[in-house]
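I have placed the structure first, in the form of C-alpha cells, so that the comments after it can refer back to it.
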Amino acid sequence: MDHYDRNPYYHPEHQGVTTVATIDWREPCYDFDMTVVWRREDGTYAMASDSGCSRPSPFENTVFADLPVMTRQEVMAALTADFTERAGTYGLDESGKRSYMSALETLAVAA
C-alpha cells in the first residue's frame, strides 16, 4: 500500500475507520485548515487537525495508529476547545462556524 492509500483523509477504509465529520475552519483558497473525526470499528473515535498550502495533501503525514483513542464526549469537548481558541485568536469566518456546528450536530446523534 502506498503513502496515498494509507492517508486516513482519502482512504479511511484502509485504516478500518469511517469519517464522521470534517471541519473546514476557513473557506479554502489554495490552502486547507481542517479537523477530521473518524470512528473506529470498536465505536471509539480519533481526531486530527492539519493545515497547509495546496501542495501537500491533507493528513499526508498522519499515522492513524498514533492518534489517541477518544470517546464521543472527548471529541466534542476537544472540538469545542479548538473552536473557542480559534475564534478568540484569529476569528472564524461564517464557513468555519457552520462547519463546526455541522460537526457537533453529527456527533450529537452518532451512536
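Every number in this text was worked out from the coordinates using simple rules, so none of it is lab data. Given the structure is predicted, the values throughout are model-derived calculations rather than measurements. Reconstructed Cβ throughout: ideal geometry from the backbone, glycine too, with neighbour counts over all protein chains shown.
In the chain, a dipole from Cβ-located charges (positive for Lys and Arg, negative for Asp and Glu) runs towards its positive end, and of M76, S99, F32 it is M76 whose Cα lies farthest in that direction. Between A77 and K97, what FRET efficiency comes out of the Förster formula 1/(1 + (r/R0)^6) with R0 = 25 Å and r the beta carbon distance, rounded to 0.05? Efficiency computed from Cβ-Cβ geometry: 0.85. If every alpha-carbon in the chain counts as one equal scatterer, what log10 I(q)/I(0) does Debye give at q = 0.17, 0.22 1/Å? Debye intensities relative to I(0), on a log10 scale: -0.82, -1.30.
Modelled label positions at S57 and R40, each set 7 Å beyond Cα in the direction of Cβ, lie 2.3 nm from each other. Here each label is just a point 7 Å from Cα along the line to Cβ, and for Y30 and T89 those points are 2.4 nm apart. Calculated [222 nm] ellipticity per residue, helices only, for the chain: -11000 deg cm²/dmol; basis is -39500 (n - 2.57) per DSSP H run with n ≥ 4, divided by all residues, nearest 500.
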